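See structure below.
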Amino acid sequence: MIFLKRHASRMLGILLLSCSALCLSGCLTHWFVEAESRLQVENATKDCSIVAVEVVSLDGSTSKSWIDETLLPGERSRVEEGDWVGEFHLRIKYTNSTDASGEVLEDLQTFELDGGSLYLVIRGNAESLEYKFK
């Protein structure tokens, strides 16, 4: 009888540990621990090419490339991770052409990044880009 009680308590412990591991796997861990941001950018413009997305410190003293690929109209970037949580400037570099040729223009916007998976849709035209996180 003692053997069955010990075996049952061990099995209960393993079951609880397994349930805890399943609950903290995948996207559910983001509810508890989130120190990174994953960004994917969609170029939803009709006539602009996105050349890069950079993170710039609030005082403008430092910057680092986050998305470093050319996105023609209708394209999406790969998902890139970064240790960006808090308020930052994002510098969007783009051209006023559908083939990424011509002068590179810049737009600087301030965003609050909360971590987790971010999907940024860029719309509009070269004179007025619009940004929306989904």
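Taking the range 64-86 only, how many residues are farther than 20 Å from Ser128 by Cα, among the polar types (S, T, N, Q) and outside any strand (DSSP E or B)?
1
Look at the range 110-133 and say how many of its residues are open to solvent by 10 Å² or more (accessible area, probe 1.4 Å), in contact (Cβ under 8 Å) with a residue 12 or more places away in the chain and part of a strand (DSSP E or B).
13
Mind checking which residues of the range 46-69 are buried (at least 17 other Cβ atoms within 10 Å of the Cβ) and out of contact with any Lys or Arg (no Cβ under 6 Å at 6 or more places or on another chain)?
Cys48, Ser49, Ile50, Val53, Trp66, Ile67
Quick one: in the range 87-99, which of the residues that are open to solvent by 20 Å² or more (accessible area, probe 1.4 Å) and in a strand (DSSP E or B) is nearest to Glu54 (Cα to Cα)?
Within the range 87-99, the match that is nearest to Glu54 (Cα to Cα) is Arg91.
Given (1) modelled with pLDDT of 90 or more; (2) under 17 Å from Leu120 (Cα atoms), identify the lone condition not met by Glu36.
The one condition Glu36 does not meet is (1).
What about Ser37, is it of a type outside the set (D, E, K, R), open to solvent by 60 Å² or more (accessible area, probe 1.4 Å) and touching a residue at least 12 places away in the same chain (Cβ under 8 Å)?
no
The values are calculated or read from the model by the stated rules, or taken from the named source; none is laboratory data. Predicted model, so just to flag it, every value in this text is computed and none were measured. Every residue, glycine as well, gets a Cβ built from its backbone with ideal geometry; the counts of neighbours run over all protein chains shown. Areas reflect the complete protein model, heavy atoms only, side chains present, ligands, DNA and RNA absent. Shrake-Rupley method; radii C 1.70, N 1.55, O 1.52, S 1.80 Å.
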